[in-house]
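Worksheet for the structure shown next.
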Amino acid sequence: MRKDIHPDNYRLVAFKDMSNDEVFLTKSTANTKETLEVEGVEYPLVKLEISRTSHPFYTGKSKLIDTAGRIDKFKNKYAKFKK
């Protein structure tokens, strides 16, 4: 095998799903400045908007996430056409 082809900063990283606060640990080279303490050990933290614990494909549940009030804007815009 060739030498020096693998990254040096391969370590355990905490990934946090911000939609349901689920945290899981896995090895990664992701750069981050934030940390999170899990079971008394501090890990680098990477925040995710969606993961396997909240994605509808894996959970089997369809979940409506309203970002920035898009649904309210749509309803207000087209309320005048409603009879």
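The values are calculated or read from the model by the stated rules, or taken from the named source; none is laboratory data. As the structure is a prediction and not an experimental result, all values here were calculated from the model. When we count neighbours, we look across all protein chains shown, and the Cβ atoms used for this are built from the backbone with ideal geometry, even at glycine. We work out accessible area using only protein heavy atoms, side chains counted, and drop any ligands, DNA or RNA first. Shrake-Rupley method; radii C 1.70, N 1.55, O 1.52, S 1.80 Å.
Computed values, structure above
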item: Pairs, first within 14 Å of residue 49 (Cβ to Cβ) in segment 9-35, second open to solvent by 80 Å² or more (accessible area, probe 1.4 Å) and of a type in the set (Lys, Arg), C-beta under 7 Å, six or more apart; result: 16/47; 18/47
item: Residue pairs meeting the criteria (Cβ under 6 Å; at least 6 apart or on separate chains; first farther than 16 Å from residue 19 by Cα, in segment 56-83; second part of a loop (DSSP other than H, G, I, E, B) and at pLDDT 70 or above); result: none
item: Some residue of segment 61-70 being part of a helix (DSSP H, G or I) and either of a type in the set (D, E, K, R) or modelled with pLDDT under 90 (or both); result: yes
